[in-house]
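Following: one structure in structure tokens, then a few remarks.
The values are calculated or read from the model by the stated rules, or taken from the named source; none is laboratory data. Quick caveat, the model's predicted, so the values are computed rather than measured. Virtual Cβ from ideal backbone geometry, glycine too; neighbours counted across all protein chains shown.
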Ligand SMILES: [Zn+2]
């Protein structure tokens, strides 16, 4: 299952999963030919049509939002983010895309765009912005990627990053063998997402477009400089918290200098435009009140990365004593306990997480895993089934459904799930387990 491991030092390669995914995209007939670059007006080789950009978005973004602990439950704040984004989107090169902007509960610092226009920013980045112009700069940059069709371009080249975010295997890329094993046993919790790993040229273009869009929408370019300064500071003080963002949006001194120079020179006359600081502060007051909890979750996350699970547990406990109903905090605490094989405790936190955010899928998966480990296969199956209904197609969930059916001695149902699993995944421990069972039960004739 190495292909799912998240390793910042590795250059992304076309893994089997991506290859299969691209092949299935081709088979589904969603690949197009030449297209007109919406920015330059020139013809570009584009293997992905606009229609398929939207399809890919709809298919992949929900798992990503769940891996990031769901849309933030503060409806007023989400609507503020969405309105701010839409105001900017309306003056971009592709104003008709089905844009949608939201905050997600994850504590690490990140923002991303799917190719159809679903754009998200984490709580971790939102609490660190100082004014609406900085938010406009952030959303403008993501809009730049969508408008210049960077995901489609990267897909056409076959370079996509498949990373696991918020999942236990995000930590499995680390050197600790023991931990790697446990994480693999627990499986790919958290979803594999297909995020484009943008090139430096892509970043330069998205910065230029973002700056253009935000100023056109009436914001001071100083917001762009403010955002860049914040990211730069964060990379010094909390490199782990921002690592994923920089792995998909490469940062460099050159990128920083260019953006600042453009904001100061090309848009110098617009610096008198407002930053809308008060408006941002008012709309994010409830979120910013949670900053101590969000920072403790970040600390816990970074201890998890170092396999210091006891320390991580302490940080999550601090976060939850500050914000007892924090969904991300509850789910991460549950994962931290699962890794330490404290299944009953882990289950308690997973159940509380389900209560505080009904319908969000990830808590069901975590709860299912804890129940499975306690050999309560029937209720574990229900949890995995709920997860799969919300987010269809996750192979590990299918495997665990098979495993739970086997635990209940339902051979036929179990074989059905193992077979489904093998249609998606051909290698690794779970695949060979599934295969062996199907051979043993007479569903497959072993290869001679
Ligand atoms: Zn970017």
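Some observations on this one:
- Residue list for the range 87-99, restricted to those being out of contact with any helix residue (DSSP H, G or I) (no Cβ under 7 Å at 6 or more places or on another chain) and under 28 Å from residue 326 (Cα atoms): none
- Subset of the range 415-436 (residues that are surrounded by 20 or more Cβ atoms within 10 Å (Cβ to Cβ) and either touching a residue at least 40 places away in the same chain (Cβ under 8 Å) or more than 28 Å from residue 358 (Cα to Cα) (or both)): 415, 418, 422, 425, 430, 434
- Single residue of 353, 325 found to be within 20 Å of residue 70 (Cβ to Cβ), within 23 Å of the chain's Cα centre (by Cα), modelled with pLDDT of 95 or more and not in a loop (DSSP other than H, G, I, E, B): 353
- Filter result for residue 287 (within 20 Å of residue 218 (Cβ to Cβ) and in contact with a helix residue (DSSP H, G or I) (Cβ under 7 Å, 6 or more places away or on another chain)): no
- Pairing each residue of the range 141-164 that is under 15 Å from residue 93 (Cβ atoms) and more than 13 Å from the ligand (Cβ to nearest atom) with any residue that is in a strand (DSSP E or B) and modelled with pLDDT under 80, provided the two are 6+ apart or on different chains, yields C-beta distances under 7 Å for 152/48.
- Verdict on residue 287 being surrounded by fewer than 19 Cβ atoms within 10 Å (Cβ to Cβ) and either within 16 Å of the ligand (Cβ to nearest atom) or in a helix (DSSP H, G or I) (or both): yes
- Scanning the range 59-89 for residues that are assigned to a helix (DSSP H, G or I) and modelled with pLDDT under 95 returns 59, 60, 61, 62, 63, 64, 65, 66, 67.
- Residue 365 satisfies every condition listed in (1) more than 24 Å from residue 340 (Cα to Cα); (2) at pLDDT below 95; (3) buried (at least 18 other Cβ atoms within 10 Å of the Cβ) except (1).
- Qualifying residue in the range 245-259 (condition: touching a helix residue (DSSP H, G or I) at 6+ places or on another chain (Cβ under 6 Å), farther than 26 Å from residue 118 by Cβ and either within 16 Å of the ligand (Cβ to nearest atom) or in a helix (DSSP H, G or I) (or both)): yes
- Flag if residue 389 is buried (at least 24 other Cβ atoms within 10 Å of the Cβ) and assigned to a helix (DSSP H, G or I): no
- Filtered residue count, the range 234-244, keeping only those that are assigned to a helix (DSSP H, G or I) and either near the ligand (Cβ under 10 Å from one of its atoms) or in contact (Cβ under 8 Å) with a residue 12 or more places away in the chain (or both): 7
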